[in-house]
Amino acid sequence: MSATKQKTVYETVIGLEVHVQLKTDSKIFCSCSTEFGGAPNTHTCPVCIGLPGTLPVLNKKAVEYAVKAGLALNCNICDYSKFDRKNYFYPDLPKAYQISQYDKPVGEDGYIEIEVEGEEHKIGITRIHLEEDAGKLIHEGTIDFSTGSLVDYNRSGVPLAEIVSEPDIRTPAQAREYLVQLKSIMEYLGVSDCNMEEGSLRCDANVSLRPKGQKEFGIKTEVKNMNSFKAVEKALSFEVQRQKKILDSEKKVVQETRAWDEDLEETISMRGKEEAHDYRYFPEPDLVPLEISREWINEIKEDLPELPRVRKKRFIDEYGLPEYDAGVLTDTRALADLFEDAAAAHNEPKAVSNWIMSEHLRKLNEEELSPGESKVKGRQIGELLNLIEDDTISSKIAKDVFEKMFITGQDPEQIVEEEGLKQISDEGQLEAIIEEVIDENPEVVEDIKNGKDKAVGYLVGQIMQKTKGQANPQKANRMLRENIKKD
């Protein structure tokens, strides 16, 4: 009787290619606007639609942003860089070639540090290079009642930084965290808004499996069409299991490009890729090589902001915040700035953190806004908490005040003053209201005297109702108990 064949244990190998749209006002080789959402083909000119006789002119700000991104990703910035023509035909590429970078990119040999399930991982970055974006195909259009594809060239020529990782990622969860960290870094730098829904951050993944311990890579597939971090993780998880089933059945994985179908929750074959494309790269003859001086690199380096992982550690050390709070608050630069401004105005960092993570983030989610789009300033949150601390308003009233702050951007003191929301702490005023409530509820008072202490809450509620929530609840509770004991 033959022994049962032992199942092979596989190691997953993932490499990511991320295209980050740089937040310049104009395109990389012409002065057309990069603004999202214009009518089709209105942000175009002879240069970006590839008309004969036009010449590209390099956008210096795009280079600056690429250098800044490379430095933040721990890359070596190359003194000498050049542009190349990447030749291929596709309807959204009007010149039939893309101006990109081949053997001399802006930056090389970087890394990102990530943490997944308490373990630190260092993911290498092969290169970061500049290139122009292609246009956009719209497949559901109709022309004279005939179905067909339409092309919008507004996006053609928009500057991209392509960031290529080493094949150091071993799980879909690591891939997701890599992207989270990369997005956060780009946002902190201000080089991109990284809006995946608008295509400002796009990711392709190369996935393969190999027997654990084997050095040679397995046959890879490329996965496209992933428009969220959740989709990336789900697509990679599916693809890993799909390849595992193929290998377990002693078949070969086919090298191909696959697309993630969000509705089916599976990857779908797009096209075969048995051999690498021959893009026939050659140096772009209309652009001189790019020489980046050490002086300029150092200037850009000095201007780098404190990056998210460093800022998170500082929030823990300097403000005494739990790791979870620090992670949430430093997720975006706008939210971290908001916290620091609020903490400067109110001396209890944990209270500031609690308010931002509960009330402020709740409102942002309800209104589908990013932290940078809020009208509320950090200073105003600190001042609101000061009003609670000095008993000017109650916590309940503070929530109502914050709702108005969020809508109007007004200072909390102004709202409290204009709407007469100051908390009633004057014992003379409270005494009269408490006596009135006691007189109106003799049975409840008797229950309290007989040991039903929970009934005190009902009477305090009556006091709050009569004062429209403005009575100091702690003081009202204490004075109510004292009055009942006296009777």
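The table for this structure:
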{"read-out": "Selected residue (only one of 59, 41, 87, 74 is crowded, with 22+ Cβ neighbours inside 10 Å and either farther than 24 Å from residue 304 by Cα or in the same structural domain as residue 123 (by TED's automatic domain parsing) (or both))", "value": "59"}
{"read-out": "Any pair with Cβ under 7 angstrom, 6 or more apart, that starts in the range 267-279 at a residue that is in the same structural domain as residue 254 (by TED's automatic domain parsing) and within 25 Å of residue 83 (Cβ to Cβ) and ends at one that is surrounded by 10 or more Cβ atoms within 10 Å (Cβ to Cβ) and at pLDDT 85 or above", "value": "277/88; 279/86; 279/87; 279/88"}
{"read-out": "Any hit, the range 399-409, residues being in contact with a Phe, Trp or Tyr (Cβ under 9 Å, 6 or more places away or on another chain) and of a type in the set (Phe, Trp, Tyr)", "value": "yes"}
{"read-out": "The listed residue being touching a strand residue (DSSP E or B) at 6+ places or on another chain (Cβ under 6 Å), free of Cβ contacts under 8 Å to residues at least 60 places away in the same chain and among the hydrophobic types (A, V, I, L, M, F, W, C), out of 424, 434, 415", "value": "424"}
{"read-out": "Sole exception among (1) of a type in the set (Lys, Arg); (2) outside the structural domain of residue 69 (by TED's automatic domain parsing); (3) modelled with pLDDT under 95 for residue 313, by number", "value": "(3)"}
{"read-out": "Residues of the range 32-46 satisfying the condition of being under 15 Å from residue 159 (Cβ atoms) and either out of contact with any Cys (no Cβ under 6 Å at 6 or more places or on another chain) or of a type in the set (Asp, Glu) (or both)", "value": "33, 34, 35, 36"}
{"read-out": "Subset tally (residues that are exposed (fewer than 15 other Cβ atoms within 10 Å of the Cβ) and small (Gly, Ala, Ser)) for the range 6-32", "value": "1"}
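Yes/no matrix, rows are residues, columns are (1) in the same structural domain as residue 387 (by TED's automatic domain parsing); (2) acidic (Asp, Glu); (3) in a helix (DSSP H, G or I); (4) surrounded by 12 or more Cβ atoms within 10 Å (Cβ to Cβ):
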site: 404; (1), (2), (3), (4): yes, no, yes, yes
site: 410; (1), (2), (3), (4): yes, no, no, yes
site: 431; (1), (2), (3), (4): no, yes, yes, yes
site: 434; (1), (2), (3), (4): no, no, yes, yes
site: 438; (1), (2), (3), (4): no, no, yes, yes
site: 447; (1), (2), (3), (4): no, yes, yes, yes
site: 460; (1), (2), (3), (4): no, no, yes, yes
site: 464; (1), (2), (3), (4): no, no, yes, yes
site: 476; (1), (2), (3), (4): no, no, yes, yes
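The values are calculated or read from the model by the stated rules, or taken from the named source; none is laboratory data. Values in this document were obtained by computation on a predicted structure and should not be read as measured data. Backbone-built Cβ (ideal geometry, glycine too); neighbour counts: all protein chains shown.
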